[in-house]
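Visitor: After the structure tokens below, expect a handful of questions from me.
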Amino acid sequence: MRITVLAGGVGAARFLRGLRAAVPDADVTVIGNTGDDFTPFGLPVCPDLDTVMYTLGGGISEEQGWGRAGESHAVLGELAAYGAGPAWFGLGDLDIATHILRARLLAEGLPLSAVTKRLCERWQPGVTLLPMSDDPVRTHVTVQLDTGEQELHFQEWWVRLHAAVPARKIEAVGAAQARPAPGVLEALADADFVLFPPSNPVVSIGVILAVPGIAKAVAAQTVVGVSPIIGGAPVRGMADACLAAIGVQTSAAAVAAHYGPGLLDGWLVDEQDKEAVDAPELAGIEVRSRPLYMTDVAASAEIASAAVDLALELRR
Ligand code: GDP
Ligand code: CA
């Protein structure tokens, strides 16, 4: 069985760990969001790719859901002693090694997809991890500050401001000119079906779909998604602030309606949201309710298994 998954960070990584446990023999390709990529101190950080790589490779900090287990922060401390920021972006010493190597390989001329492959040789994530594009795409958020309207890098809004300042606009800068990375369109075309993990619909899945060619290739497939919204709120993080920026309500049904029946064939919602199963606005999308909290690998595997079963049932 060949499965292709569009992925953000923590929500995707936990779902993927479940998927690997649920269908260990499946050939899984993960198309990762790079809109969150950031270069503090000139280091190329790919938060979503790394969260997937560390989680599936057994190196993730389980408490945080991102970053390395057993991490220390000596380097950031030294930089702070020089008065050099950003101090608000948590970069651990172990993690920094990944970014130093990524910087070197990129400087040698390798595209991000080849660099990611090289990094995965160490972590053996058990999936093929592809960046959505080798071309730079950066998610920018426009906010109204006391000093006037300002366009911020996503990380500055999300991490420094905790998305507490309302976003007026969220834009994937560079997406329109970006090409899908090698293997991305093939993985979508050749898959038996495509899954959307419970990733942020705007800044994770939405940004991947903004790369020309990807949405069309996804729409041509059988697609089953898992709701990141339970009982009218994100399970973790501030996805509600992203949905508000694009005028979509924070509910499992509204997110499915936002993707629409042209993209989604099936949608899993939590038991708390079972009224979505018969929601008239979701005509054309097969909605099922079941527990959707990824409390541990076993729970994530059951969710992944339900998504696979629904995709096989709906497969055209
Ligand atoms: P990020 O890039 O690290 O923000 O990660 P993603 O975009 O992949 O996933 C973020 C989304 O995961 C958030 O909107 C959360 O609501 C969702 N999420 C986190 N944990 C769970 C869970 O246990 N169950 C469900 N259904 N969604 C979750
Ligand atoms: Ca992310």
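The values are calculated or read from the model by the stated rules, or taken from the named source; none is laboratory data. Computed from a predicted structure; not experimentally measured. Using ideal geometry, Cβ is built from the backbone for each residue, glycine included, and neighbour counts are taken over all protein chains shown. The protein model used for the area step is the full one, side chains on, heavy atoms only, and it has no ligands, DNA or RNA in it. Shrake-Rupley method; radii C 1.70, N 1.55, O 1.52, S 1.80 Å.
Visitor: In whole percent, what relative contact order does the chain give with Cα contacts below 8 Å and a gap of six or more residues?
Guide: 20 percent
Visitor: When ligands, DNA and RNA are left out and all protein chains stay put, how many square angstrom of accessible area per residue does the chain have with a 1.4 Å probe?
Guide: 42 Å²
Visitor: Follow-up. Please give, to one decimal in nm, the separation of the simple spin-label points placed at Arg315 and Arg118, each 7 Å out from Cα toward the Cβ.
Guide: If labels sit at Arg315 and Arg118, their model points lie 3.7 nm apart.
Visitor: Here's a follow-up. For Lys169 and Glu149, compute 0.36 nm times the residue count separating them, minus their Cα-Cα distance, and round to one decimal in nm.
Guide: Using 0.36 nm per residue and subtracting the Cα-Cα distance, I get 6.1 nm.
Visitor: Choose one of Cys120, Ile96, Gln64: the residue whose Cα lies farthest towards the positive end of the charge dipole of segment 37-131 (beta-carbon charges +1 Lys, Arg; -1 Asp, Glu; about the Cα centre).
Guide: Highest projection toward the positive end goes to Cys120.
Visitor: To the nearest 500 deg cm²/dmol, what mean residue ellipticity at 222 nm is calculated for the chain from DSSP H runs of n ≥ 4 alone, each contributing -39,500 (n - 2.57), summed and divided by the residues?
Guide: -10000 deg cm²/dmol
Visitor: Here's another thing I want to ask about it. What ³J(HN,Hα) values, in whole Hz, does the Karplus curve 6.51 cos²θ - 1.76 cosθ + 1.60 give for segment 263-269 when θ = phi - 60°, with x put for Gly and Pro?
Guide: Each residue's phi maps through the Karplus curve to give 10, 9, 9, x, 8, 9, 10 Hz.
Visitor: In terms of solvent-accessible area of protein heavy atoms at a 1.4 angstrom probe, what is the ranking of Tyr293, Tyr54, Tyr82, Tyr259, highest value first?
Guide: Tyr82, Tyr293, Tyr259, Tyr54
Visitor: Return, for the Cα atoms of the chain, the radius of gyration and Dmax in Å, separated by a comma.
Guide: 18.7, 59
Visitor: Can you send over the carbon and sulfur percentage of the accessible area for the chain, probe radius 1.4 Å, protein chains only?
Guide: 52 percent
Visitor: Can you give the extra length, in nm with one decimal, that the chain gains between Lys274 and Ala21 once fully stretched, where that is 0.36 nm per residue apart less the Cα-Cα distance?
Guide: Taking 0.36 nm per residue and subtracting the Cα distance, the gain is 88.5 nm.
Visitor: A further question follows. Output the relative contact order of segment 1-79, whole-number percent, from Cα pairs under 8 angstrom with separation of 6+ residues.
Guide: Relative CO of segment 1-79 lands at 29 percent.
Visitor: In terms of solvent-accessible area of protein heavy atoms at a 1.4 angstrom probe, what is the ranking of Arg20, Arg102, Arg168, Arg236, highest value first?
Guide: Ranked from most to least accessible, the order is Arg168, Arg236, Arg20, Arg102.
Visitor: Would you compute the Debye intensity of segment 199-308 from its alpha-carbon atoms alone, equal scatterers and no solvent, and pass along log10 I(q)/I(0) at q = 0.24 Å⁻¹ to two decimals?
Guide: Debye output, listed in q order: -1.50.
Visitor: Taking all protein chains together and a probe of 1.4 Å, list Lys169, Lys117 from the most accessible to the least accessible.
Guide: From most exposed to least exposed: Lys117, Lys169.
Visitor: If you don't mind, another one. Once a ≥ b ≥ c are taken as the square roots of the eigenvalues of the Cα gyration tensor of segment 37-131, is the result rounded (a/c under 1.5), prolate (a/b larger than b/c) or oblate (a/b not larger than b/c)?
Guide: oblate
Visitor: Show the residues, 5+ positions off or on another chain, whose built amide H is closer than 5 Å to the amide H of Leu152.
Guide: Sorted by chain and number, the residues that satisfy this are Val141, Thr142, Val143.
Visitor: Return the long-range amide H neighbours of Trp66 (sequence gap of 5 or more, or a different chain), with a cut-off of under 5 Å between placed amide H atoms.
Guide: Ser61
Visitor: Any idea of His99's accessible area? Nearest 10 Å², probe 1.4 Å.
Guide: 0 Å²
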